[in-house]
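Structure first, then comments.
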Amino acid sequence: MKEDLQKYLSEFKSISLTEAGVSLIAQRFDSKFIMPVSSLAKFLNLLRSHFSVLKIQQHLVHFYETLYFDTSQYKLYYDHHNEKPNRVKVRVRQYHSSGEVFFEVKHKFKGIKTGKLRLPQQKMMFEIGEQEWLLIRQAEKTIHGLEPKLLTCFNRITLIHQTKEEKITIDTDLRFRLSDQELAFNNCAILEIKTETSRPSEKVHEAIHALMLRQSPFSKYAIGVALLEKSVRANLFKPIILQLKKTEHG
């Protein structure tokens, strides 16, 4: 399948990181979907004439490694689980294709629109310093005592619309690690559509309809913690976890 995926991606026009813009759609609307990897070829074929694929150092598929921070009581996890409208995620992410590392604060506005603040780093970090705390305070002033929690790894394809402010990311080979526990999902793809407006472009809407995809409020951090941390409540995430497992096992 990976060889086939490279074949389909090579038929797209490519776009560089500079051309795509480092902070494309800094504040955006997100729509997420869980789909089987076996449907990727059809999805890509439907979008090929309207999107370009991000190419970095000759790579069309990019490996990401992300470490999420939370309090000892999982405050940020519960903010998401309890559907707090204004909430944040705090993480450090390594973009292996470009060699870049960023400390990032993602914040959700009124449960609808997403923004991201970031600081460049020399390498993966496991403690939050003064500059990082200043960034956190811009989004959330009540957090204290953050510590490393969940590590996620995945491969990402990024598609950029050729004429509209629209970006699609497709994440595969998703892995969660928390302490000495690890889970892998090799047959699922997490599709995320990022737009300036609340509705995807017509072509994307048609592709979603053709594959009969159902929108899912999927958060890698929240789902990873719900799967691996037995002490947390996860009632509201059970339908998403069930969908993820059903997709993984066909």
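Rounded to the nearest 0.05, what FRET efficiency do Thr71 and Thr114 have when you use their Cβ-Cβ distance and R0 = 25 Å?
0.70
Per DSSP H run of at least 4 residues, take -39500 (n - 2.57); add these up for the chain, divide by its residues and hand me the 222 nm value, nearest 500 deg cm²/dmol.
Per the formula, -7500 deg cm²/dmol.
Please list Thr169, Thr197 in order of solvent-accessible area, largest first, computed with a 1.4 Å probe with all protein chains present.
The most accessible residue leads, giving Thr197, Thr169.
Size of the chain along its principal axes in angstrom, Cα-based, largest extent first?
48, 38, 33
Rounded to a whole number, what % of the accessible area of segment 197-250 do carbon and sulfur atoms account for, probe 1.4 Å? Mind showing how you got there, number by number?
Values: 1700 of 3120 Å².
With neighbouring chains kept in place, the figure for segment 197-250 is 54 percent.
Taking the Cα centre of the chain as the origin, how large is its charge dipole in debye, to the nearest 20, when only Lys and Arg (+1) and Asp and Glu (-1) carry charge on their Cβ atoms?
Charge dipole, the chain, about its Cα centre: 580 debye, nearest 20.
Beyond a 28 Å Cα-Cα separation, which of these cross-linked pairs lie in this structure: Lys32/Lys203; Lys32/Lys84; Lys141/Lys164; Lys42/Lys167?
Correct reply: Lys141/Lys164.
At 7 Å along Cα-to-Cβ for each site, give me the label-to-label distance between Glu192 and Gln138 in nm.
Result: 1.8 nm between the two label points.
P(r) of segment 101-250 in 10 Å steps, Cα pairs, percent per bin?
All Cα pairs, binned at 10 Å, distribute as 9, 31, 39, 19, 3 percent.
I'd like to compare 236-242, 214-220: which one has the highest average count of other Cβ atoms within 10 Å, and what's the full order after that?
The most tightly packed comes first, giving 214-220, 236-242.
Once ligands and nucleic acids are excluded and a 1.4 Å probe is used, how much of Ser98 is accessible, expressed in Å² to the nearest 10?
40 Å²
The values are calculated or read from the model by the stated rules, or taken from the named source; none is laboratory data. What you are looking at is a predicted structure, and each value in this text was computed from that prediction instead of being measured. With ideal geometry, Cβ positions are generated from the backbone for all residues, glycine too; neighbour counts draw on all protein chains shown. For accessibility, only protein heavy atoms count, side chains too; no ligands or nucleic acids. Shrake-Rupley method; radii C 1.70, N 1.55, O 1.52, S 1.80 Å.
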